[in-house]
Amino acid sequence: MKNFESGVFESITADQAYIKAKSLEEGERIQPDDFKDLYGEKNVSDDHEYVKKMENIFVKEAVPEQENTRKLAAIFEEIIHEQVELSDWLGPDVCTIKPSRYDDIKNGVDSIAEFQESEHTASYLALAIDATFSSEIEKKLSRIKKEIEAGELAKVKYFASDHMNFRGEIAMIPRVIIGAEAKTIKDISELWLEGKNKDLGSHKIQFQIIEEMLIQFDAYKRYAEKVNRPEIVRIYNKVSSLVQNIYNNKKETMEDRGNRDGVCMAINQKMKSF
């Protein structure tokens, strides 16, 4: 048996889920090479070098005891990215975009949710996905606080949207953290490997994700008000309204029994003192 934090995966199941996640991830990422006409070949080449340098650092600094947690995070990230769109975890009008590895490392964006408001308009949400409540979440919360203080939000250098017919850099994207504990990820991973999309479509985790978002939006909005950043208040108000409507609509066809895991409760506590 292989222990992933507080959850337990059979070794073969864990390996299968990780291999599937990494395979899908590589095929979905935005490729910087497709932007050479926009940024220039040297600019894109420099960003490739940055990624290589950082990847080498990650390998050197890797702690064997954290390998299982790293794999768990990769599995969770891919399931969220896929099921938000495939199983309408955030409603039928949201699609997900996988940023380049450069934007993943440099700008801390694991996935981008595109809320298609009308034929020619959309709002965006930068998803930072954490598998466990750890020091990594503390770092991400610190980053969000500093961005708000500076009047900035997440940005993505290599971005493309078919819906908006746009490619280039986007900025001022509200950032949110999605977290779950190992047992929750184990449950959805098994369904994911078995292709049980119907069960994933009704899984309780989607309500947890929405609650984590709404709790954070409220805290970030209050902090933006405190540090006098009205534009950021407006942005978080807008995305909060979108997600609240998604929750209200979802409750009309599904029952939210209030099942939340320890990571969700921990995020809730953190937001009270953000």
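The values are calculated or read from the model by the stated rules, or taken from the named source; none is laboratory data. For clarity, every value in this text was computed on a predicted model and none was experimentally measured. Cβ coordinates were reconstructed from backbone atoms using ideal geometry, including for glycine residues, and neighbour counts include every protein chain displayed. With ligands, DNA and RNA removed, areas are computed over all heavy atoms of the protein, side chains included. Shrake-Rupley method; radii C 1.70, N 1.55, O 1.52, S 1.80 Å.
Looking at Leu193, is it at pLDDT 95 or above and closer than 22 Å to Ile129 by Cα?
Answer is no for this residue.
For segment 148-183, which residues satisfy the criterion of being in a helix (DSSP H, G or I), farther than 20 Å from Lys221 by Cα and open to solvent by less than 10 Å² (accessible area, probe 1.4 Å)?
Hit for segment 148-183 is Ala182, nothing else.
Being at negative phi, assigned to a helix (DSSP H, G or I) and in contact with a His (Cβ under 9 Å, 6 or more places away or on another chain) narrows it down to one of Asp187, Asp199, so name that one.
Exactly one of Asp187, Asp199 is at negative phi, assigned to a helix (DSSP H, G or I) and in contact with a His (Cβ under 9 Å, 6 or more places away or on another chain), namely Asp187.
Filter segment 237-265 for residues that are buried (at least 17 other Cβ atoms within 10 Å of the Cβ) and among the small types (Gly, Ala, Ser) and give the result.
The answer is Ser240, and nothing else.
If we scan segment 82-98, do we find a residue that is farther than 22 Å from Tyr247 by Cβ, open to solvent by 10 Å² or more (accessible area, probe 1.4 Å), in a helix (DSSP H, G or I) and not acidic (Asp, Glu)?
no
Which residues, taken from segment 226-244, are assigned to a helix (DSSP H, G or I), free of Cβ contacts under 8 Å to residues at least 40 places away in the same chain and either over 18 Å from Lys270 (Cα atoms) or under 22 Å from the mean Cα position of the chain (by Cα) (or both)?
Pro230, Val233, Arg234, Asn237, Ser240, Ser241, Gln244
Where residues in segment 128-147 are part of a helix (DSSP H, G or I) and acidic (Asp, Glu), which of them is modelled with the highest pLDDT?
Looking at the filtered set, the residue picked out is Glu147.
With respect to the numbered conditions (1) surrounded by 15 or more Cβ atoms within 10 Å (Cβ to Cβ); (2) assigned to a helix (DSSP H, G or I), which one is the sole condition not fulfilled by Gln269?
Exception for Gln269: condition (1).
Looking only at segment 25-81, count how many residues are small (Gly, Ala, Ser), free of Cβ contacts under 8 Å to residues at least 40 places away in the same chain and in contact with an Asp or Glu (Cβ under 9 Å, 6 or more places away or on another chain).
The qualifying residues number 0.
Have a look at Phe159, Phe166 and point out the one that is under 20 Å from the mean Cα position of the chain (by Cα) and among the aromatic types (Phe, Trp, Tyr).
Going through Phe159, Phe166 in turn, the sole match is Phe159.
Restricting the search to segment 108-126, which residues are more than 12 Å from Phe159 (Cα to Cα) and open to solvent by 30 Å² or more (accessible area, probe 1.4 Å)?
Of everything in segment 108-126, those that are more than 12 Å from Phe159 (Cα to Cα) and open to solvent by 30 Å² or more (accessible area, probe 1.4 Å) turn out to be Gln116, Glu117, Ser118, Glu119, His120, Thr121.
If you check Ile137, Ile105, Ile79, which single one turns out to be open to solvent by less than 20 Å² (accessible area, probe 1.4 Å) and under 21 Å from Tyr18 (Cα atoms)?
Ile79
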